[in-house]
Structure formats: C-alpha cells, structure tokens
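Remarks on the structure that follows.
The values are calculated or read from the model by the stated rules, or taken from the named source; none is laboratory data. These figures come from a predicted structure and were not determined experimentally. For neighbour counting, all protein chains shown are included, and Cβ atoms are generated from backbone atoms with ideal geometry for every residue, glycine included. Quick note on the areas: whole protein, heavy atoms, side chains included, nothing else; ligands and nucleic acids left out. Shrake-Rupley method; radii C 1.70, N 1.55, O 1.52, S 1.80 Å.
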Amino acid sequence: MMTRVYVGLGSNLAHPRHQLARAMRALARLPRTRVVGVSSNYVSAPVDCPGPQPEFVNAVAALETKLPPLGLLALLHAIERRQRRTRQRQRNAPRTLDLDLLLYGRARLHHPNLVVPHPRMNTRAFVLRPGHGLARAQLPAVRAQRIARTRTHVLH
C-alpha cells in the first residue's frame, strides 16, 4: 500500500532553482515511490536564521511511497549529500539543498532523527500558501513572511 507523503524543498546557495529541479528529478527516481504533485517555487526570506543570508527558493512535493519513514529520510539525506549539502552545527545555515519530510500519511512519529508532522511546517508560509483547508487557515500567523512565486527551473 502506498502512503502519501509531503517533502519540503529549499535552497539558497549554488543556483537554488536549479538545485530544486535536480532534487525533483532525484525524488522521481526513488525506489517504490512516485511524484504525484509539486507546488510552485516560492522565493522567501530566511526565517529564524543566525545572520544575513541569501533568499531561499522553496517548494513542496507530494509523493506516494512504499518506503518506511526512516528509509525515506535516509534517501532524502543521500540526495542532499549528492547536491553538496553540508550540515552545519548552526541551525538554519545557508545550504545548497534542504529536504524535509513534512508529513507521512497520518503518522505521528517521534524518533531522535525524525519528527512527523514536521514541527515547524506550520510556521513556513511556502508550506501553507499552496495548501488547502487547515493549511490556509494558518496563513494569518505567517503573514509577516515575505514570499513570492518564482519561475520553476526545468532540468532536461
């Protein structure tokens, strides 16, 4: 049985739109997984960052997968590493690619390496703006975050 999952994508280094396009292609190649939708790309100001840094390009992908949550997370981290993501000690540092598992079906997970639903997804305008229902209802709480749609870079 397939589980619907949502993955947040973000980049603010090394041609961010290109990074998201490469990541989407990598997501489409994951085993026992298929991409069923993707939001527009949004340019957004950094949130909760330690200092000045470039704006982010963000999107959300909907996948259906047979992979277990921690197995999927391991593959997301492998995609980040292939795109030269280096994990900093400092949270919210600039990065070439950030892939966050936002939702995994209706599961609620509290593992040392993974919390689902993602604990900060309701504080990110790029996650809420393309959503419906409850997501749209939470938009007023993030109205101070400046985001704007941007072009989607397609990799051939």
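For the chain, report the accessible area per residue in Å² (1.4 Å probe, heavy atoms, rounded to an integer). List each step's numbers first, then the result.
Working: 9000 Å² over 156 residues.
Per-residue accessible area for the chain comes out at 58 Å².
Can you classify region 72-156 as rounded, prolate or oblate using the Cα gyration tensor, where a ≥ b ≥ c are the square roots of its eigenvalues, rounded means a/c under 1.5, and otherwise it's prolate if a/b beats b/c and oblate if not? Let's see the in-between values first.
Working: a/c = 1.64, a/b = 1.20, b/c = 1.37.
The shape class here is oblate.
Relative contact order (percent) for region 34-148, with alpha-carbon contacts under 8 angstrom and 6 or more residues of separation? Walk me through the intermediate numbers first.
Details: 143 pairs, mean separation 29.4, N = 115.
Once divided by the residue count of region 34-148, the mean separation gives 26 percent.
Take Arg29 and Met1, extend 7 Å from each Cα along the Cα→Cβ direction, and tell me the distance between the two endpoints in nm.
Here the answer is 3.1 nm between the modelled labels.
Describe numerically, in nm with one decimal, the distance between label points set 7 Å from Cα along Cα→Cβ at Ala74 and at Thr86.
It is 2.6 nm.
Label-point separation (nm) for Arg143 and Asn113, each offset 7 Å from Cα along Cα-to-Cβ?
Rounded to a tenth, the inter-label distance reads 4.1 nm.
What's the FRET efficiency of Cys49 with Arg136 using the Cβ-Cβ distance as r and R₀ = 22 Å, to the nearest 0.05?
On the way: r = 26 Å, r/R0 = 1.17.
The value I calculate is 0.30.
Taking the Cα centre of the chain as the origin, how large is its charge dipole in debye, to the nearest 20, when only Lys and Arg (+1) and Asp and Glu (-1) carry charge on their Cβ atoms?
200 debye
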